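As structure tokens, the structure follows; a few thoughts come after it.
What follows draws every value from the coordinates through simple rules; no lab data is involved. Every value quoted in this text rests on a predicted model; they were computed, and no experiment measured them. Here Cβ is always computed from backbone atoms with ideal geometry, including for glycine, and neighbour counts include all displayed protein chains.
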Amino acid sequence: MSPPFQRILLADADATAAVAGHIAMALGAGDTLLLQGDIGAGKTTFARALIRARLKSSQEDVPSPTFTLVQTYDAGDLEIWHCDLYRLTDSQEVLELGLDDAFAEAICLIEWPDRLGPNLPSDPLLCNFSAGTVHHVLTISGSARWQALLGKLHV
């Protein structure tokens, strides 16, 4: 994986939504974000904000896919897949979900990407969340393409 190119302090949910909104507008079919971090570090908050921004609907119901594993959203020209792989026990289960096709055709937000095993998509953006006592931190890593696409994120 590429070295980090941005570290962002997330003071609150509004700051998280601002970053997610900026990233949402830069995404296209085949883009995958790997959302890493401990429980409570902000992965789902970020994913919800990104989906709502992309759908241009702040009131969109965006449930956590913890139990369903995958929630899909019609974003007009493409689908958004929000996946929570925490409950998977074998990386082969990823193929049963249809993620290999989604990686090529949809925007994919993958929580607990370590469960993908060898089934990692090509050129993902790694979003590593860590919870602090005052704020959360988002560290972003990715290829030169991602660095050029996202530029310097300001919140």
(request) Provide Val134, Val62, Val94 in ascending order of the number of other Cβ atoms located within 10 Å of each residue's Cβ, fewest first. (result) Val134, Val62, Val94
(message) Between Met25 and Ser64, what is the label-point separation in nm under the 7 Å Cα-to-beta-carbon projection?
(response) 3.0 nm
(message) Cut-off is 10 Å between beta-carbons; in what order do Ser122, Ser143 appear when sorted fewest neighbours first?
(response) Ser122, Ser143
(request) For a footprinting-style exposure proxy, rank Leu55, Leu50, Leu116 by other Cβ within 10 Å, fewest first. (result) Leu55, Leu116, Leu50
(request) Could you work out the local net charge near Leu95, counting Lys and Arg as +1, Asp and Glu as -1, over the other residues with Cβ closer than 13 Å to its Cβ? (result) -4
(message) How big is the chain along each principal axis, measuring the range of its Cα positions in Å and listing the largest first?
(response) 38, 31, 30
